[in-house]
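Engineer: There's a structure below that I have some questions on.
The values are calculated or read from the model by the stated rules, or taken from the named source; none is laboratory data. Remember, it's a predicted structure, so these values are computed and weren't measured experimentally. Cβ: placed from backbone, ideal geometry, glycine included. Neighbour counts: every protein chain shown.
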């Protein structure tokens, strides 16, 4: 029985992964952009946000990020599929990742990108933020 439990643990570790989100301050420091926005459009290759507040980076009222979406593992870069719908409001921590050959800014695993309803702790720790830049 112990051998079976040990083998299951090894297989689970090999096939799956666990992501522990960074603390808010560390996530903000790692990110190039931190903003609160609502998804306005979902295009073939990008997700377009209407930006409401900005904590980090040069972000205008509208920003398009690469449409990289994951469904089953939080170990990937990009957005969780259940969050990607027109009208969804998210707190986004994103960064450039040229080492992965990705153009633009994307959330990394553990970035704390989340629906606003699940981001109270982040919003309290980030503070008021600022309005986005006008075009």
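Engineer: Identify all residues within the range 105-129 that are loosely packed, with under 11 Cβ neighbours inside 10 Å and either in contact with a strand residue (DSSP E or B) (Cβ under 7 Å, 6 or more places away or on another chain) or over 18 Å from residue 56 (Cα atoms) (or both); write none if there are none.
Structural biologist: The one that is loosely packed, with under 11 Cβ neighbours inside 10 Å and either in contact with a strand residue (DSSP E or B) (Cβ under 7 Å, 6 or more places away or on another chain) or over 18 Å from residue 56 (Cα atoms) (or both): 117.
Engineer: I'd like to know if the range 33-41 contains one or more residues that are at pLDDT below 95, farther than 13 Å from residue 133 by Cβ and loosely packed, with under 15 Cβ neighbours inside 10 Å.
Structural biologist: Within the range 33-41, none of the residues are at pLDDT below 95, farther than 13 Å from residue 133 by Cβ and loosely packed, with under 15 Cβ neighbours inside 10 Å.
Engineer: Let me ask something else. Provide a single number: the residues in the range 78-104 that are assigned to a strand (DSSP E or B), over 10 Å from the mean Cα position of the chain (by Cα) and surrounded by 12 or more Cβ atoms within 10 Å (Cβ to Cβ).
Structural biologist: 5
Engineer: Applying the selection to the range 57-77, what residues are under 16 Å from residue 108 (Cα atoms) and in a strand (DSSP E or B)?
Structural biologist: Passing the criteria: 65, 66, 69, 70.
Engineer: Which of the numbered conditions does residue 54 fail, given that it passes all the others? Conditions: (1) farther than 16 Å from residue 109 by Cβ; (2) loosely packed, with under 15 Cβ neighbours inside 10 Å.
Structural biologist: Failing condition for residue 54: (2).
Engineer: Still on this model: Checking residue 47 against (1) part of a loop (DSSP other than H, G, I, E, B); (2) farther than 25 Å from residue 25 by Cβ: exactly one of these is not met. Which one?
Structural biologist: (1)
Yes or no, residue by residue, for (1) under 25 Å from residue 19 (Cα atoms); (2) without any contact (Cβ under 8 Å) to a residue 12 or more places away in the chain:
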| position | (1), (2) |
| --- | --- |
| 33 | yes, no |
| 48 | no, no |
| 53 | no, no |
| 63 | no, no |
| 70 | yes, yes |
| 84 | yes, no |
| 94 | yes, no |
| 102 | yes, no |
| 108 | yes, no |
